[in-house]
Amino acid sequence: MPSKALPLILFCVLAACAVPYEKATSVTQLNERFYLITSSGNSSNKSSDVISYSLLRAGELCKEKSFVAFTSYSNKDLTRTGVYSTSSCYGTQCSGAAASVHSYTAPAGSERYYFYKSGEELPVGAIDCEKIVNELSYLKK
């Protein structure tokens, strides 16, 4: 007979995994040069990871669209926080132990990026597409 605890164990194992880069970003084109990139993680991701996901996706998009650099124009923190409780009940059986309350933080944000073509004057702080993709490529492994 299968254990009733198996679904809970699977949930706990899966919930502890950080959201990988490939599933953490979405892109919305606002016009020819502006793109909105939204990145999100779960409680196992660090805020710095989510920011790096956004920068890496901007660098990849920059190269895909034949731009050479980009700048960030605005950002919005979309971090989610909350609480959840766990109990010692499985199915109809309870062990009598008290429920535990846990809090979580799931980092997320959106960033508007402006992209520059070759030959255009770049502002101070513009990020080179090729360099940022090379520097953050470790996130895809």
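Some values worked out for this structure:
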{"read-out": "Positions within the range 69-81 being touching a helix residue (DSSP H, G or I) at 6+ places or on another chain (Cβ under 8 Å) and of a type in the set (A, V, I, L, M, F, W, C), in sequence order", "value": "ALA69, PHE70"}
{"read-out": "Some residue of the range 55-68 being more than 21 Å from LYS131 (Cβ to Cβ), in contact with a helix residue (DSSP H, G or I) (Cβ under 9 Å, 6 or more places away or on another chain) and open to solvent by less than 10 Å² (accessible area, probe 1.4 Å)", "value": "no"}
{"read-out": "Failed item in (1) over 27 Å from TYR35 (Cβ atoms); (2) at pLDDT 95 or above, with CYS129 passing the rest", "value": "(1)"}
{"read-out": "Spans of helices (runs of 4 or more DSSP H) in the range 1-67 with at least 2 residues modelled with pLDDT of 95 or more", "value": "47-64"}
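The values are calculated or read from the model by the stated rules, or taken from the named source; none is laboratory data. Model, not experiment: these values are computed from the prediction. Virtual Cβ from ideal backbone geometry, glycine too; neighbours counted across all protein chains shown. Accessible surface is based on the protein model in full, side chains and every heavy atom, while ligands, DNA and RNA are left aside. Shrake-Rupley method; radii C 1.70, N 1.55, O 1.52, S 1.80 Å.
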